[in-house]
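Step one of this worksheet: look at the structure below.
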Amino acid sequence: MSRYERVEIALGERAYPILIGPGLLNDATTLSDCIAARDLLIVTNEVVAPLYLATLEAALKGRRVHSLILPDGEQHKTLASLATIVDALVDARLNRDAAVVALGGGVIGDMAGFAAACYQRGIDYIQVPTTLLAQVDSSVGGKTAVNHPLAKNMIGAFHQPRCVLADTRTLASLPDREYSAGLAEVVKYGLIRDAAFFGWLEDRAEALLARDDAAVATAVRRSCEIKAEVVGIDEREQGLRAILNLGHTFGHAIETASGYGNWLHGEAVAAGMVVAADMSERLGWLQAPERARAVQLLKRMRLPVEPPKIGASRARELMGMDKKVLGGKLRLVLMRQLGEADVVSDYDAGVLDATLRAHFD
């Protein structure tokens, strides 16, 4: 396994590795080392299946492998799709020693992981992310969920995978828009936790957009390292882990109001991070030049930096369904400076209202 970079998620008996590198889907030996179960259900979608399903099935030869191909898109991240996965597990007569393999992006990973969390009160699952966003973010950390029509990721569970296998060659098949959406989450890690990494991203923006192998591998590894550090401290988002949601409270409102799938998740997060940066500056924390650097880098990554005009009141209503609401108070992830984020609930409500009006009206 020395061919691949390895990042460890340190969670005691729930610890697991993230392997990052080219060719993992073809590496039967590494797959065998990481996937212990003999009986497997591969869950994928109609876009990914023609590209990678046969390769993965061949590498898992000798096991009892079943496959389920679902429709593609955030609009299908529903309880109905969850039921389809559970039906497939039952139809295949899989037991507690079986495992689910999530082959695809964040939607597939979230749904397959949630099905594994629910089936027979919890079976193993393995993340095989094929999008940049999934490789650097959604496949790591054990958050699994489906959407409710009124709120994103409202129905779910914490259920850690047994391993994450990030084959960076799969990123070559991503459309430019999907790839840029993943870069939003990469930028997020620099903004919340590592100013030096943010500077590295500024220096390597063009290389990343060109999908330079070395630049991509470094960006994926460092993103996973930062997430591993945060999740290892706060697995169930009782405190620090919430900083990983920079831009997400605003971004989820964008996704819900616009109709799931019309704005890609990373696009909504990018616009949401700009709103969060603006509010951070209005509160006197983030300095104007730092906010400008954040906006400029997102633009260079070909990401939107302004949300749709859904109305400040509608945005506030949808944000009220955010999972960071405690005791009726909406907590927000804001920036103290580049590389340092905080979860705050004692902000001036008037500043939030002014920020929402400036961006959503």
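So G113 fits all but one of (1) at pLDDT below 95; (2) crowded, with 22+ Cβ neighbours inside 10 Å; (3) out of contact with any helix residue (DSSP H, G or I) (no Cβ under 8 Å at 6 or more places or on another chain); what number is the exception?
So the condition that G113 fails would be (1).
Can you run down the residue pairs with Cβ atoms below 8 Å, 6 or more apart or on separate chains, where the first is in region 20-39 and assigned by TED's automatic domain parsing to the domain that holds I123 and in contact (Cβ under 8 Å) with a residue 40 or more places away in the chain and the partner is polar (S, T, N, Q) and crowded, with 19+ Cβ neighbours inside 10 Å?
If the second residue must be polar (S, T, N, Q) and crowded, with 19+ Cβ neighbours inside 10 Å, the pairs left are I20/Q135; I20/T168; G21/T168; P22/T168; L24/T30; L25/T170.
Are there helices (runs of 4 or more DSSP H) fully within region 52-130 with at least 1 residues that are within 24 Å of I9 (Cα to Cα) and under 16 Å from the mean Cα position of the chain (by Cα)? List them.
Result: 106-118.
This table checks each residue for (1) surrounded by 23 or more Cβ atoms within 10 Å (Cβ to Cβ); (2) among the aliphatic types (A, V, I, L, M); (3) touching a residue at least 12 places away in the same chain (Cβ under 8 Å); (4) not assigned by TED's automatic domain parsing to the domain that holds D342.
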{"position": "I233", "(1), (2), (3), (4)": "no, yes, no, no"}
{"position": "T249", "(1), (2), (3), (4)": "yes, no, yes, no"}
{"position": "N262", "(1), (2), (3), (4)": "no, no, no, no"}
{"position": "V269", "(1), (2), (3), (4)": "yes, yes, yes, no"}
{"position": "M273", "(1), (2), (3), (4)": "yes, yes, yes, no"}
{"position": "A277", "(1), (2), (3), (4)": "yes, yes, yes, no"}
{"position": "A288", "(1), (2), (3), (4)": "no, yes, no, no"}
{"position": "R300", "(1), (2), (3), (4)": "no, no, yes, no"}
{"position": "I310", "(1), (2), (3), (4)": "no, yes, yes, no"}
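Which count do you get for residues in region 1-27 that are loosely packed, with under 15 Cβ neighbours inside 10 Å and in a strand (DSSP E or B)?
Qualifying residue count for the region: 2.
Please go through region 116-150 and give me each residue that is surrounded by 24 or more Cβ atoms within 10 Å (Cβ to Cβ), among the aliphatic types (A, V, I, L, M) and touching a strand residue (DSSP E or B) at 6+ places or on another chain (Cβ under 7 Å), ordered by number.
Hits for region 116-150 are A116, I126, V128, V140.
Can you spot a residue in region 201-220 that is outside any helix (DSSP H, G or I) and of a type in the set (A, V, I, L, M, F, W, C)?
yes
When region 28-41 is examined, which residues are found to be of a type in the set (A, V, I, L, M, F, W, C) and either under 14 Å from L165 (Cα atoms) or in a loop (DSSP other than H, G, I, E, B) (or both)? I'd like the intermediate steps shown before the answer.
Start the filter on region 28-41 by keeping residues that are of a type in the set (A, V, I, L, M, F, W, C), which leaves 28, 31, 34-37, 40-41.
Passing the criteria: A28, L31, C34, I35, A36, A37.
The values are calculated or read from the model by the stated rules, or taken from the named source; none is laboratory data. As the structure is a computational prediction, the values presented were derived from the model and not from experiment. So basically every Cβ, Gly included, is an ideal-geometry build from the backbone, and we count neighbours across all protein chains shown.
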